[in-house]
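J.: The structure under discussion is supplied below as structure tokens; questions concerning it will follow.
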Amino acid sequence: MSAPTTPVDLVILGGGSGGYAAALRAAELGLSVVLIEKDKVGGTCLHRGCIPTKALLHSGEVADSAREGEQFGVKTSLAGIDMDGVNAYKDGVISRLYKGLQGLIKSRKITYVEGAGKLVSATAVEVGGQTYEGRHVLLATGSYARSLPGIEIDGTKVITSDHALQLDRVPSSAIILGGGVIGCEFASAWKSFGVDVTIVEGLPHLVPLEDESSSKLLERAFRRRKIDFSLGSLVAGVQTTTDGVKVSLQNGKEFEAELVLVAVGRGPTSQGLGYEEAGVAMDRGYVLVDGYCQTNVPTISAVGDLIPTLQLAHVGFGEGILVAERLAGLPVVPIDYAGVPRITYSEPEVASVGLTEAQAKEKYGNGVEVLTYDLGGNGRSQILKTAGAVKLIRATDGPVVGVHMVGSRVGELIAEAQLIYNWEALPDEVAQLIHPHPSQSEALGEAHLALAGKPLHAHS
């Protein structure tokens, strides 16, 4: 093993959303940075997660537009899905973003090390025989696609989202285990491609972490789209057959399809990386941190999917920036995770920020006020032929503490909703703002007008 390097200010293990955001911000603040990544900078989000799945969903949207042109007086038909073409489009998007990111890393004078790193002390990471010393180490090793006990992932008939993004064909049918964000997004994209889809979710609703009303609206929309789902029963077994896969549930139901996508969430990548040996406190594979992403070891912080916070790329960015600023001596405030926007990019989309109705009632008791504005009253939504709603939750005579939306494109509206929640806006204050007509953002404005007791296009 070669001699340790001269200590830098920060050694980062993992170049995904959390790691590279910390590297960019730390370098911007004048810290010397070593960034270590075993695969490609950009991590899961860029190469196997957010970006490629949203590209697939957009291809699906184009397919649906072609299929449904008659509804809008346009004579179109869908000739078919060219998976090679879809993958070329998807990979082109990734490649442009990847090149841009590599350029950014280079321009900020960050030392980039390609290789699998391991924590060898509270201040050092070893890669391929070379030890990199830092005054501080940031762990950002991300997550992997989990499976269920007893289910063998073979990469062809039983696959994870990683394999699903590389498919070179459109399967005739698919069973998706897991009705969370990943499962619902693949179900939506595949249905648009013409796949016969069934989702199996052990909990009583799809997107179970969302407000129950959003789950019900998504379920209604999926029924209309003929996406099948089985709720409230766990998987008993998965068997491969000569021409596909058979899934049996604990309630005795059985489903057969060409392939099974296991989409039961993501687990932290932390095994065999030297974390425990360095004394880092862990729980079920997650690295434990305080509100400032600091572990129990003073020289080690951790961010992203590796810690038990929301597994979202934008949360990783936020946590990475927070650590960089803290190490540079800037004043920082802990992240309010309830105030982070969450989007499921299915058709229709589900977007939310703040508390669900159940969480608000738990926190504020019975003084919670709820208002639902149906997109049926929104001109732009009618033009787009989308159904759904905006639901607002207000603490007793106080600010809006939850915004939940379902409908095509509502993910683009959640940025304003985020400001309403995070700036603790009162319904009256939002009601004063004039929203552009006709736009979907008006639905947010109209909902606040109604909650402030002065509805315009809604019934009070």
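The values are calculated or read from the model by the stated rules, or taken from the named source; none is laboratory data. What you see is a predicted model, and the numbers here were worked out from it, not measured in a lab. Here Cβ is always computed from backbone atoms with ideal geometry, including for glycine, and neighbour counts include all displayed protein chains.
J.: Which residue, of GLY73, GLY49, GLY85, GLY15, is at pLDDT 95 or above, crowded, with 17+ Cβ neighbours inside 10 Å and not aliphatic (A, V, I, L, M)?
T.: Of the residues listed, the single one that is at pLDDT 95 or above, crowded, with 17+ Cβ neighbours inside 10 Å and not aliphatic (A, V, I, L, M) is GLY15.
J.: A follow-up question, please. Filter region 283-311 down to residues that are in contact with a helix residue (DSSP H, G or I) (Cβ under 8 Å, 6 or more places away or on another chain) and part of a loop (DSSP other than H, G, I, E, B) and give me whichever is surrounded by the fewest Cβ atoms within 10 Å (Cβ to Cβ).
T.: Step by step, filter region 283-311, then rank; the result is TYR292.
J.: Taking interchain pairs and intrachain pairs at least six residues apart, which have beta carbon atoms under 9 angstrom, with the first residue in region 282-300 and of a type in the set (Lys, Arg) and the second surrounded by 13 or more Cβ atoms within 10 Å (Cβ to Cβ)?
T.: Once the first residue is of a type in the set (Lys, Arg) and sits in region 282-300, its partners that are surrounded by 13 or more Cβ atoms within 10 Å (Cβ to Cβ) give ARG284/GLY267; ARG284/PRO268; ARG284/PRO308.
J.: Please determine, by comparing only the residues of region 162-211 that are under 19 Å from the mean Cα position of the chain (by Cα) and among the aromatic types (Phe, Trp, Tyr), which one is farthest from SER59 (Cα to Cα).
T.: So the residue we want is PHE186.
J.: While we're here: So which residues in region 246-270 are surrounded by fewer than 15 Cβ atoms within 10 Å (Cβ to Cβ) and free of Cβ contacts under 8 Å to residues at least 12 places away in the same chain, if there are any at all?
T.: If the condition is that a residue be surrounded by fewer than 15 Cβ atoms within 10 Å (Cβ to Cβ) and free of Cβ contacts under 8 Å to residues at least 12 places away in the same chain, then GLY252, GLU254 are the ones that fit.
J.: Looking at TYR98, TYR132, which one is assigned to a strand (DSSP E or B) and either touching a residue at least 12 places away in the same chain (Cβ under 8 Å) or loosely packed, with under 15 Cβ neighbours inside 10 Å (or both)?
T.: TYR132
J.: Under the condition of being at positive phi and either among the aromatic types (Phe, Trp, Tyr) or touching a helix residue (DSSP H, G or I) at 6+ places or on another chain (Cβ under 9 Å) (or both), which residue from region 88-146 is modelled with the lowest pLDDT?
T.: Across region 88-146, the extreme among qualifying residues is LYS109.
J.: Let me ask you something else. Against the definition (over 24 Å from HIS163 (Cα atoms), in contact with a Gly (Cβ under 6 Å, 6 or more places away or on another chain) and not charged (D, E, K, R)), how does VAL280 come out, yes or no?
T.: Spelling it out, it is not the case that VAL280 is over 24 Å from HIS163 (Cα atoms), in contact with a Gly (Cβ under 6 Å, 6 or more places away or on another chain) and not charged (D, E, K, R).
J.: For region 38-84, give me the residue count where each residue is among the basic types (Lys, Arg) and closer than 30 Å to LEU104 by Cα.
T.: Residues flagged as among the basic types (Lys, Arg) and closer than 30 Å to LEU104 by Cα within region 38-84 amount to 4.
J.: Hey, does region 358-379 have a residue that's more than 17 Å from the chain's Cα centre (by Cα), among the polar types (S, T, N, Q) and surrounded by fewer than 13 Cβ atoms within 10 Å (Cβ to Cβ)?
T.: yes
J.: While we're here: Take the conditions buried (at least 24 other Cβ atoms within 10 Å of the Cβ), farther than 14 Å from ALA328 by Cα and at pLDDT below 95 and apply them to THR5. Does it pass? Full working, then the answer.
T.: Values: buried (at least 24 other Cβ atoms within 10 Å of the Cβ): no; farther than 14 Å from ALA328 by Cα: yes; at pLDDT below 95: yes.
No.
J.: Which residues, taken from region 176-224, are crowded, with 19+ Cβ neighbours inside 10 Å, under 18 Å from LEU249 (Cβ atoms) and of a type in the set (A, V, I, L, M)?
T.: ILE176, LEU177, ALA187, VAL197, ILE199, VAL200, LEU206 - these are the residues of region 176-224 that are crowded, with 19+ Cβ neighbours inside 10 Å, under 18 Å from LEU249 (Cβ atoms) and of a type in the set (A, V, I, L, M).
J.: Might you let me know whether region 264-273 holds any residue that is at positive phi and not small (Gly, Ala, Ser)?
T.: no
J.: Which of the helices (runs of 4 or more DSSP H) found entirely inside region 8-67 contain at least 1 residues meeting this: farther than 16 Å from SER301 by Cβ and free of Cβ contacts under 8 Å to residues at least 40 places away in the same chain?
T.: Because the criterion is at least 1 residues that are farther than 16 Å from SER301 by Cβ and free of Cβ contacts under 8 Å to residues at least 40 places away in the same chain, the helices (runs of 4 or more DSSP H) in region 8-67 that meet it are 50-67.
J.: Can you find, within region 417-432, the residue that is farthest from VAL62 (Cα to Cα) among those that are among the hydrophobic types (A, V, I, L, M, F, W, C) and in a loop (DSSP other than H, G, I, E, B)? Show your work before the answer.
T.: Step one: list which residues in region 417-432 are among the hydrophobic types (A, V, I, L, M, F, W, C), which gives 417, 419-420, 423, 425-426, 430-431.
Restricting the remaining residues to those that are in a loop (DSSP other than H, G, I, E, B) gives 423, 425-426.
Details: TRP423: 37, ALA425: 37, LEU426: 39 Å.
The extreme case among them is LEU426.
J.: For region 207-220, check the following and say yes or no: at least one residue is over 22 Å from VAL403 (Cα atoms) and not assigned by TED's automatic domain parsing to the domain that holds GLY411. Talk me through it step by step, then tell me what you get.
T.: Going through region 207-220, the residues over 22 Å from VAL403 (Cα atoms) turn out to be none.
No; the residues of region 207-220 include none that is over 22 Å from VAL403 (Cα atoms) and not assigned by TED's automatic domain parsing to the domain that holds GLY411.
J.: Does ALA55 meet the test of being out of contact with any Asp or Glu (no Cβ under 6 Å at 6 or more places or on another chain), closer than 30 Å to VAL332 by Cα and surrounded by 18 or more Cβ atoms within 10 Å (Cβ to Cβ)?
T.: It is false that ALA55 is out of contact with any Asp or Glu (no Cβ under 6 Å at 6 or more places or on another chain), closer than 30 Å to VAL332 by Cα and surrounded by 18 or more Cβ atoms within 10 Å (Cβ to Cβ).
J.: Only one residue in HIS459, HIS435 is modelled with pLDDT of 95 or more, on the phi < 0 side of the Ramachandran plot, not basic (Lys, Arg) and not in a helix (DSSP H, G or I), so which one is that?
T.: HIS435
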